[in-house]
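The values are calculated or read from the model by the stated rules, or taken from the named source; none is laboratory data. It should be emphasised that the depicted structure is a prediction, and the values quoted were computed from it without experimental measurement. Neighbour counts are summed over all protein chains in view; Cβ atoms, including those assigned to glycine, are modelled from backbone coordinates with ideal geometry.
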Amino acid sequence: MAAFIEAIDLKRKMFFELDDTPYLCLDVERSTPTARGGQTLVRVKMRNLKTRAVFDKTFKAGEKFKEPDLVQSPASYLYSDALGSHFMDQGSYETLTLGGDMLGDALDFLVDGQVVQILLFNGNAIGLQLPQHVELTVASTEAGARGDTASGNVTKVAKLETGIEVRVSLFIKEGEKVKVNTETRECLGRV
């Protein structure tokens with residue numbers, strides 16, 4: 001029998017199922033009314049894991065959701081082509097293919113051999129979870145000019161091996177590896 005989650009117990013980054021669709025809780029806000037007999041409401045910012053749509057919805061505190069039949073399976077990124085992006089499951093060694101609509105902007109952080117968590121709902125691949133941080137090589141950046149720090153310019157734009165551009169410290173050069181936060185797209189420094 002499937003376990004149930006009450007709306008009041010939802011937390012950030014928790015998975016739940018509503019109307020036979022898996023969701024990820026991105027943010028949760030509880031509001032307790034001051035009037036007697038008022039009901040506590042839970043406002044949830046949630047992502048539909050099948051369509052990647054993000055929206056807000058308000059639930060009563062006692063509403064219950066099923067725990068989804070969601071499995072995270074480690075897989076390494078192989079390549080992308082017209083059919084989608086291909087990953088090799090680390091346990092079964094089978095190839096899983098995800099369409100572009102399932103990836104969102106994940107390709108900005110994927111390099112060959114990168115291990116990610118593929119989300120399987122009822123045995124079917126529906127998306128992936130990136131690690132919190134990834135290490136990418138700086139493909140091109142301009143040299144920091146002497147005296148830039150005096151004017152308050154302590155960062156510069158760098159293009160990384162996957163094609164995304166991030167702001168990096170002045171001392172970072174081409175060919176160096178940097179750590180990038182996959183949620184905020186911020187450079188966290190050299191590796």
For this session: Quickly run through the range 62-110 and pick out the residues that are of a type in the set (S, T, N, Q) and in a strand (DSSP E or B).
Result: 72, 73, 76, 80, 85, 95, 97
Exercise. If residue 56 passes every condition in (1) closer than 16 Å to residue 128 by Cα; (2) exposed (fewer than 15 other Cβ atoms within 10 Å of the Cβ) but one, which one does it miss?
Worked result: (1)
For this session: Out of the residues in the range 60-101 that are surrounded by fewer than 14 Cβ atoms within 10 Å (Cβ to Cβ) and touching a Ser or Thr at 6+ places or on another chain (Cβ under 7 Å), state the one that is farthest from residue 39 (Cα to Cα).
Result: 83
Seminar exercise, completed: The condition of being in a loop (DSSP other than H, G, I, E, B) and under 22 Å from the mean Cα position of the chain (by Cα) holds, among 34, 51, only for 51
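Does the range 18-32 contain any residue that is β-branched (Val, Ile, Thr), at pLDDT 90 or above and not assigned by TED's automatic domain parsing to the domain that holds residue 115? Working first, answer last.
Of all residues in the range 18-32, those β-branched (Val, Ile, Thr) come to 21, 28, 32.
Add one more test, that the residue is at pLDDT 90 or above, and what stays is 21, 28.
Subset that is not assigned by TED's automatic domain parsing to the domain that holds residue 115: 21, 28.
Within the range 18-32, one or more residues are β-branched (Val, Ile, Thr), at pLDDT 90 or above and not assigned by TED's automatic domain parsing to the domain that holds residue 115.
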Exercise. Going by the structure shown, is residue 121 buried (at least 18 other Cβ atoms within 10 Å of the Cβ), modelled with pLDDT of 90 or more and either among the acidic types (Asp, Glu) or under 21 Å from the mean Cα position of the chain (by Cα) (or both)?
Worked result: no
Seminar exercise, completed: Exception for residue 104 within (1) under 30 Å from residue 41 (Cβ atoms); (2) modelled with pLDDT of 85 or more; (3) surrounded by 12 or more Cβ atoms within 10 Å (Cβ to Cβ) falls at (2)
